[in-house]
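To start, the structure under review is shown below, and the notes come after it.
The values are calculated or read from the model by the stated rules, or taken from the named source; none is laboratory data. In this text, all values refer to a predicted model and were calculated from it rather than measured experimentally. Glycine gets a Cβ as well: all are built from the backbone with ideal geometry, and neighbour counts include every protein chain shown.
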Amino acid sequence: MSQHTNPEQTAEAVTQANEGLDESTKTEAGEDLSAASPLDAASQATDSSAQANSEASSQSEPAEEDTTPLPHSDMPPKVPSASDNDQDAEDNEGGQPMTLMEHLNELRRCLTRACIAVIICFVGCWIVVDPIFDALVNPLLAVLPEGSHPIYTTLPEGFFTRMFIALVVGVFVASPVIFYQVWSFIAPGLYDEEKKYIIPIAFLSALFFIGGGLFCFFIVFPFVFTFFISFATESIIATPKVSDYLDFVLKLLIAFGLIFEMPLFSFFLSRLGIVTANGMRKMRRYAVLIIFVVAAILTPPDVVSQLLMAGPMLILYELSILIAALFGRKSPRKQKASENDADAV
């Protein structure tokens, strides 16, 4: 008995067989993927760690390039250079560098305050100008021979002479304010520890300036006028012109006042490291020549006046060397030696 196969049953059987084959294939593929997943994770972890190491090395390379070896212990400590000081000079209160216009505005403010102080003192000296005039003329009257006296040669000479006297004496009276404004303008270029000396230095500047004028008035003038008047004879009587006399006197007062600032400027420059005591000793021969040239320019063309000015200048120069040696900034080697001695103690 032959069996006949139904085509529909045959198609269903083939479809079921294909579906079973697909499911088995998917299952095997899933097992393969699950089995391969740990390896893939491991490879991914290895790749990520390698990438992290490369990034860390790339970041560490600039740090290794920027790293410099530490200085040897025997090397001297770094001393602030002039460029560092100039950078500090351009730092204002906000920590930003000052522009040229800001420097000019600061200079204008300092000059304005100094001029206001001079004007106020000028008005005050003008009120009492006659006693000041008599005091300045007395050294000349004390050495003039009998019958001789100073004279005016023009009508407005007396008025303008008194104005000149009031102005110069007003500068001396206002010198504390003037020097304070000068040092205030310089203050931005100083270190913080040096700025606290501004007021004492301004006071000492005014004191030295006035002291130089007093030295000239009480010590120099009697010798100079006695020397000049000694050339008068009975037939040739000295009748000096008041304006010429006071012009000579007031210029000498200002010159001696500025000369007496030499020790103070030596202290300031030595503290900044600009000058040293050894350097001033080496330059002594040139300094002596410059001193006599300056004395010859500031004084009349006579030997007595030149020596009376050059002598105090030489003494002040030697005093300036001593001040620079005592208060000047130490060299790096000496500074380290002093620090080692302090540590040993």
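Some values worked out for this structure:
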| quantity | calculated |
| --- | --- |
| Residue in region 157-215 that is surrounded by the fewest Cβ atoms within 10 Å (Cβ to Cβ), counting only those that are within 27 Å of the chain's Cα centre (by Cα), over 23 Å from ARG108 (Cα atoms) and among the aliphatic types (A, V, I, L, M) | LEU207 |
| Unmet criterion (only one of (1) more than 25 Å from ILE198 (Cβ to Cβ); (2) of a type in the set (Asp, Glu); (3) modelled with pLDDT of 85 or more) for ASP341 | (3) |
| Close pairs from region 247-259: first within 13 Å of ILE210 (Cα to Cα), partner buried (at least 22 other Cβ atoms within 10 Å of the Cβ) and of a type in the set (Phe, Trp, Tyr), Cβ under 7 Å, at least 6 apart | GLY257/PHE209 |
| Tally of residues being closer than 25 Å to PHE208 by Cβ and either outside the structural domain of SER235 (by TED's automatic domain parsing) or of a type in the set (Val, Ile, Thr) (or both) across region 127-174 | 7 |
